[in-house]
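See below for the structure under consideration.
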Amino acid sequence: MTAEIQRREEGDRLIIHVEGEVDLDVAPRLWREIEKALRKSSNVGVELCDVVYIDSSGVAALVQGLKEARHRHARFALLEPSQRVRAVLELAQLDQVFNIETEPSRGPTDGEIV
């Protein structure tokens with residue numbers, strides 16, 4: 001299974017919706033999309049409700065995004081992480097580091113596939 005990444009705007013927030021598996025092949029693409037988003041917006045959310053698998057390279061892309069957001073004084077949040085993503089974040093105690101929002105957003109229906 002491969003991952004699909006879509007981008008959409010909701011108000012002043014740029015949302016990156018990720019679906020599928022985030023592994024060594026997908027993580028660099030995810031990081032590039034996070035980096036692009038942080039260049040365009042000071043409020044970025046990465047929506048992870050449809051991620052079925054994430055490995056350490058995927059987590060590293062998210063951590064890199066958080067570090068870049070802090071460097072830019074931008075807001076960076078993980079939105080609705082799936083149970084599997086949440087378990088990995090909790091195991092690494094990163095659930096205490098990231099801003100995690102559990103409120104549902106509109107979903108990827110009107111986003112641009114990247």
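General remarks:
- The orientation-averaged shadow of the Cα convex hull for segment 47-88, equal to a quarter of the hull surface, comes to 2.8 nm².
- Interchain or long-range residues, amide H under 5 Å from Ala92's placed H: none
- Considering segment 4-106, its Cα convex hull presents a mean projected area of 5.6 nm².
- Label-point separation, Glu9 to His73 (7 Å along Cα→Cβ), nm: 2.2 nm
Where a number appears in this text, it was derived from the coordinates with a stated rule and is not lab data. Source: prediction; values computed, not measured. When we count neighbours, we look across all protein chains shown, and the Cβ atoms used for this are built from the backbone with ideal geometry, even at glycine.
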